Each structure stands twice: as C-alpha cells, then as structure tokens.
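Since the structure comes first, as structure tokens, the remarks are kept for the end.
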Amino acid sequence: MFEAPQKAEPSVSKGLWFGIVVLVVLGAAGGYFFMRSKDAAVRQTPASAVAAPKGDADPVRDLKIQRTTMDKNRNGTSSVWIVTIENKSAGYGYSKIQYETTYVGADGQLLMTNKGTLPDAFGPGEQKNCTVNDPLYPAGTARYMMKITAATAQ
C-alpha cells in the first residue's frame, strides 16, 4: 500500500534521435543554400564578363540627374548645387562631365546660364553625389535647373 513512487527517467534515446534529426535538417538546408549560391555565381559571372558596350557612347542619354538641390552661399551671391547623378550605361564610364545651369525669373525671362565641368568620374552603373559651385546667383531667380551637356566616354 505504501510503495515508493517510481521516478520517471528521461529517455535518452528520444533526445538523441531529436538531436540527430535537427542536425540532418540543418545540414541539408546548409547544403541547399551553398549549392544555390554557387549556381548563382556561375550564372552571373559570364554575363558580366562578356558585357560589351552596344552602340556609341551617349553621355546625355546615359547620365541622368536623379536629384538636384540648390542653395546660396553665406553671402547669397553664388549658388551651391548638390547633385545626384546616375550612369545608366552598363558598358561606358564617363569623366569630364560638362553641365549647364539655368536661372529663370518669375516672369519667365532667362536671367543667366552658367557652364562648368564636374571633376568626378562615373563608372558603368555608378551613382554619386557631387557638389557644384556656380559663380553667381542672379537676384530675382524663381526657377533654376541643371542639365548634362557632354562628357568624355571611358
């Protein structure tokens, strides 16, 4: 009637089998992702290595101004531009990028046009921010714009 309760001993075999199953699943998942990454690298390498430029270089088409921000310097006499430019070409890089800034008054009258050259070079598919200083900021400016006019293909 008063027997000592029996202690339930954990089954070592169940824990062992569970550990083995977890290791096998992790090993299979690791092997799958390893093989898949090797296949992706093999597929990408020939395409990028053989990518030859098609057609002539066209910097006005390939170099796109993504964003421009213009502000005046401390004195309010010159313009400071921050420009984000992207080279959409997959085969050509560009340097000595020539630009033109235009300032227009509230009445639509052209106030001033400045031209300059960016010191940065852009490789194929590259995007960068550049800072450009225009010599003068005309009084009465209501609108302003910047465009790429030419560049040297590399």
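The values are calculated or read from the model by the stated rules, or taken from the named source; none is laboratory data. A quick note: this is a predicted structure, and the numbers were derived from the prediction, not measured. The protein model used for the area step is the full one, side chains on, heavy atoms only, and it has no ligands, DNA or RNA in it. Shrake-Rupley method; radii C 1.70, N 1.55, O 1.52, S 1.80 Å.
If I take every Cα pair under 8 Å that is 6 or more residues apart in the stretch 82-154, average their sequence separation and divide by the length, what percent do I get for the relative contact order?
On the way: 154 pairs, mean separation 34.3, N = 73.
It comes to 47 percent, rounded to a whole number.
Per residue, how many Å² of accessible area does the stretch 73-149 show with a 1.4 Å probe? List each step's numbers first, then the result.
On the way: 4250 Å² over 77 residues.
Accessible surface, normalised per residue, equals 55 Å².
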Using a 1.4 Å probe on heavy atoms of the protein chains only, the accessible area for Asp56 in Å², nearest 10, reads 130 Å²
Expressed in square angstrom to the nearest 10, the accessible area of Lys96 with a 1.4 Å probe stands at 130 Å²
Reported to the nearest 10 Å², Arg61 has, with a 1.4 Å probe, an accessible area equal to 130 Å²
